[in-house]
Amino acid sequence: MIVRIMGEGQVRLAESHLADLNKLDDELLAEMENGDGPGFRRTLQALLTRVRELGEPLPDDSLEPSELILPSSDATLEGVRDLLSDDGLIPG
């Protein structure tokens with residue numbers, strides 16, 4: 001699976017990691033629903049860090065179709081709301 005982090009680039013991520021990432025995504029969704037800005041910021045950073053750790057960066061000149069797009073680390077709570085589906089940022 002190809003994941004794009006807005007403003008950073010793309011990583012190749014095994015779908016087997018989605019269950020782990022979904023836990024953080026669920027936390028992020030709950031924090032957004034509760035308007036918990038500090039919690040949102042902390043969990044977004046943790047989610048992006050985990051994607052970077054688990055994923056294999058693609059070369060900068062590579063432009064693969066992204067199956068998942070995540071916000072940048074400086075995204076606002078309001079901005080991320082626009083990216084959400086009922087499942088959060090990560091499907092499943």
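For the reader, a short list of remarks on this structure follows.
- A Förster radius of 25 Å, combined with the Cβ-Cβ distance separating Arg50 from Leu77, puts the computed FRET efficiency at roughly 0.80.
- Between helix 18-33 and the chain: long-axis angle, C-alpha atoms, 0 to 90°, nearest 10: 30
- Ranking of Asp61, Asp74, Asp20 by solvent-accessible surface, largest first: Asp61, Asp74, Asp20 (1.4 Å probe, protein heavy atoms only, all chains present).
- Estimated from helices alone, the mean residue ellipticity of the chain at 222 nm is -13500 deg cm²/dmol (sum of -39500 (n - 2.57) over DSSP H runs with n ≥ 4, per residue).
- Here the relative contact order of the chain, from alpha carbon pairs under 8 Å that lie six or more residues apart, stands at 44 percent.
- Solvent-accessible area, 1.4 Å probe, carbon plus sulfur percent, for the chain: 49
- Among beta bridges from DSSP that stay inside the chain, the antiparallel ones total about 70%.
- Close amide H pairs (under 5 Å, H built 1.01 Å from N) link Ser66 with no residue at least 5 positions away or on another chain.
- For the chain, the Cα-based Rg and Dmax, in that order, read 12.5, 39 Å.
- The GluC sites (Glu not before Pro) of segment 1-67 that DSSP puts in a loop, and whose beta carbon has at most 15 other beta carbons within 10 Å, are Glu8, Glu67.
- Solvent-accessible heavy-atom area per residue, rounded to whole Å², over the chain at 1.4 Å: 57
- Helix 37-54 and the longest principal axis of the C-alpha atoms of the chain enclose an angle of approximately 20°.
The values are calculated or read from the model by the stated rules, or taken from the named source; none is laboratory data. Model, not experiment: these values are computed from the prediction. In this analysis, Cβ positions are derived from the backbone assuming ideal geometry, glycine residues included, and neighbour counts consider all displayed protein chains. When the accessible area is computed, the model is the full protein with side chains, heavy atoms only, and any ligands, DNA or RNA have been set aside. Shrake-Rupley method; radii C 1.70, N 1.55, O 1.52, S 1.80 Å.
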